[in-house]
Amino acid sequence: MGLEPIKLRAKLNEGRLVCGSVIYSWSPAIMDQAGFAGLDFIRIDSEHTWRQDGAMEGMVRAALACGVAPVLRVDRDNPYLIRKALEIGAEGIIVPDVHSVEDAEAVVRAAKFPPRGMRGYGSNCVAGGWGTTAGAEWVEWSDREPMIGIMIEHVEAMDRLDDIFAVDGVDFALFGPSDYSMSLGVGTGLGVDDARIVDAVTKTCAAAGKAGKHVMLGVGMDAATVGRYADIGVTMMEMGNDAALVRAAWTGAVKTVAGLPGPS
């Protein structure tokens, strides 16, 4: 890795929408396809998949090799995972379940070097070019370029959105409809078309916009839904995930074959 501007941040700074997806399979081959497809980012999930091993670094390397920004979602309340994610080359991180300014501040402090944060210095890593880009310039790049994300996914956060997005160093929020639905006490059944989700995302986008920040949302593949949320202010479109997309394609194939007459 060099010290060039991260393309994902640059594209957002230009006022353009970015398009990405999620990978649950941990397959470098699928990551290659993300690059061939021209996706801007892939969210690599390590909150609901258990991969705190060398596979994570392999996935990040695959993303960087094919020109897709690797955005890692890590567990909350472990600041060292944030540092490790950034050291292996993540161009963005997401920390779930942020309810307050204090939560958001803790994320930023874990991601930034002193004096802004508490990240320990060590350039013998992928992001530091194994020491070849060591020093003040790399520290400045590290504090400026990788995108720091939080998750808004609980009703408790809704009255604090302006203050949360005002935290210096927070770049974007991933809105989580499923856990937001859980926090409403209605289970996980609310989809992105439900009025309560639309209202919450609208408020989140309004607060983010005032602060010059961004909102990521899983919008699926429906063009009408994507367009509606773009109008609301979502700038980081998460288009499905590898498991669901493959399953949908194979389900369609099975139905096609099942509808054909058998051999005569």
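Only one of these is in contact with a helix residue (DSSP H, G or I) (Cβ under 6 Å, 6 or more places away or on another chain) and crowded, with 21+ Cβ neighbours inside 10 Å: Val170, Val155, Val101, Val107. Name it.
Val170
What are the pairs, 6+ residues apart or on separate chains, where a residue within segment 235-264 that is closer than 30 Å to Leu217 by Cβ has its Cβ under 7 Å from a residue that is part of a helix (DSSP H, G or I) and β-branched (Val, Ile, Thr)?
So the pair list comes out as Met237/Val226; Asp242/Ile30.
For residues that are surrounded by 21 or more Cβ atoms within 10 Å (Cβ to Cβ) and within 18 Å of the chain's Cα centre (by Cα), tally how many sit in segment 128-147.
Residues meeting the conditions: 3.
Take segment 39-68 and flag every residue that is of a type outside the set (A, V, I, L, M), outside any loop (DSSP other than H, G, I, E, B) and crowded, with 20+ Cβ neighbours inside 10 Å.
Phe41, Arg43
Is it the case that segment 9-22 has a residue that's buried (at least 20 other Cβ atoms within 10 Å of the Cβ) and of a type in the set (S, T, N, Q)?
Yes, the conditions are met somewhere in segment 9-22.
Within segment 37-67, restricting attention to residues that are of a type in the set (D, E, K, R) and at pLDDT 85 or above, which residue is nearest to the chain's Cα centre (by Cα)?
Step by step, filter segment 37-67, then rank; the result is Arg43.
Assess whether Leu72 counts as being over 23 Å from Gly227 (Cβ atoms) and surrounded by 21 or more Cβ atoms within 10 Å (Cβ to Cβ).
yes
Restricting to segment 208-228, and then to whatever is under 20 Å from Ala104 (Cα atoms) and surrounded by fewer than 22 Cβ atoms within 10 Å (Cβ to Cβ), can you tell me which residue is farthest from the chain's Cα centre (by Cα)?
Lys210
For a quick check of your reading of the model, give me the residue pairs whose first member lies in segment 34-47 and is closer than 13 Å to Gly218 by Cα, whose second is assigned to a helix (DSSP H, G or I), with beta-carbon atoms closer than 6 Å and at least 6 apart or on different chains.
Pairs that qualify, where the first residue is closer than 13 Å to Gly218 by Cα and the partner is assigned to a helix (DSSP H, G or I), are Phe41/Leu8; Ile42/Ala34; Ile42/Ala63.
Find all pairs meeting these conditions: Cβ atoms under 9 angstrom apart; at least six residues apart or on different chains; first residue within segment 156-175 and without any contact (Cβ under 8 Å) to a residue 60 or more places away in the chain and under 10 Å from Val98 (Cα atoms); second residue among the hydroxyl-bearing types (Ser, Thr, Tyr) and in a loop (DSSP other than H, G, I, E, B).
Glu156/Ser100; Ala157/Ser100
Of the conditions (1) closer than 22 Å to Leu3 by Cα; (2) touching a His at 6+ places or on another chain (Cβ under 9 Å), Ile42 fails just one. Which one is it?
So the condition that Ile42 fails would be (2).
Testing Trp26 on (1) assigned to a loop (DSSP other than H, G, I, E, B); (2) closer than 16 Å to Gly149 by Cα; (3) modelled with pLDDT under 95, one condition comes back false. Which one is that?
All conditions pass for Trp26, except number (2).
Within segment 85-143, can you find the residues that are aromatic (Phe, Trp, Tyr) and part of a helix (DSSP H, G or I)?
Scanning segment 85-143 gives Trp130, Trp138, Trp141.
With the condition kept exactly as written, say whether any residue in segment 69-84 is part of a loop (DSSP other than H, G, I, E, B) and touching a residue at least 40 places away in the same chain (Cβ under 8 Å).
No, segment 69-84 has no match at all.
State whether one or more residues within segment 153-168 are more than 22 Å from Ala55 (Cα to Cα), at pLDDT 95 or above, aromatic (Phe, Trp, Tyr) and in a helix (DSSP H, G or I).
Among the residues of segment 153-168, at least one is more than 22 Å from Ala55 (Cα to Cα), at pLDDT 95 or above, aromatic (Phe, Trp, Tyr) and in a helix (DSSP H, G or I), which makes the answer yes.
Check Asp193 against each of (1) of a type in the set (D, E, K, R); (2) surrounded by fewer than 14 Cβ atoms within 10 Å (Cβ to Cβ); (3) in a helix (DSSP H, G or I) and name the one condition it does not meet.
(3)
Quick one: is Phe175 aromatic (Phe, Trp, Tyr), within 17 Å of the chain's Cα centre (by Cα), within 27 Å of Ala63 (Cα to Cα) and at pLDDT 95 or above?
Taking the combined requirement at face value, the residue satisfies it.
Of Asp179, Asp231, which residue is surrounded by fewer than 14 Cβ atoms within 10 Å (Cβ to Cβ), acidic (Asp, Glu) and not in a strand (DSSP E or B)?
The conditions single out Asp231.
The values are calculated or read from the model by the stated rules, or taken from the named source; none is laboratory data. It should be emphasised that the depicted structure is a prediction, and the values quoted were computed from it without experimental measurement. All Cβ positions, glycine included, derive from the backbone under ideal geometry; neighbour counts span all protein chains shown.
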